[in-house]
Amino acid sequence: MTKTLPNRTILTYGTFDLFHYGHVRLLQRLATMGSELIVGCSTDEFNALKGKSCVMPYEQRRLILESCRYVSRVIPETTWEQKRSDIVNYNVSVFAIGDDWTGHFDDLRDVAEVLYLPRTKNVSTTELKAQIAARKAAVA
């Protein structure tokens, strides 16, 4: 018997650098909440404005996300302000993001349900970068 998903669109955003099992688990959870999952992937230019640098360029991160079976569509995230218009333009029912952002997007509740999801424990891109740097330093 095939499980029928609710007919609703889910939207999330992120950088998705060094794609790892925490990313997969997030996308997997989100995909079970609706019939379509849209992922806004932060562009390199937007990450620079946020003071972030990525190991992988936007086009590679986008390609990885597009190849993930849980993801229906990938859109570029270029500004903080685009979330409201993306919700309206893509007829989004649920805006979901990690709980490290709790409260930051409550103003979107008038156009979509807003969910703050717990992050996967013991993994993050920041931690992975630190582990790689430590191993590189130990070898040098």
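Every number in this text was worked out from the coordinates using simple rules, so none of it is lab data. Note that the coordinates shown come from a computational prediction; the quantities given were computed from them, not determined experimentally. For neighbour counting, all protein chains shown are included, and Cβ atoms are generated from backbone atoms with ideal geometry for every residue, glycine included.
Some observations on this one:
- Burial ordering of VAL94, VAL39, fewest other beta-carbon atoms within 10 Å first: VAL94, VAL39
- Two-site FRET efficiency, MET56 against ARG119, from Cβ-Cβ distance with R₀ of 22 Å, rounded to 0.05: 0.65
- Among the GluC sites (Glu not before Pro) in region 40-120, those located in a DSSP loop and surrounded by at most 10 other Cβ atoms within 10 Å of their own Cβ are GLU81.
- Exposed loop positions in the chain were taken to be trypsin sites (Lys or Arg not before Pro) whose DSSP state is not H, G, I, E or B and which have at most 14 other beta-carbon atoms within 10 angstrom. Between these positions, the longest stretch is 70-118.
- The chain, helix-only ellipticity at 222 nm - DSSP H runs n ≥ 4, -39,500 (n - 2.57), divided by all residues, nearest 500: -10500 deg cm²/dmol
- Structural descriptor for the chain: relative contact order 27 percent, calculated from alpha carbon pairs under 8 angstrom and at least 6 residues apart.
- Selection from VAL88, VAL39, ASN122, by position along the positive dipole direction of the chain (Cβ): ASN122
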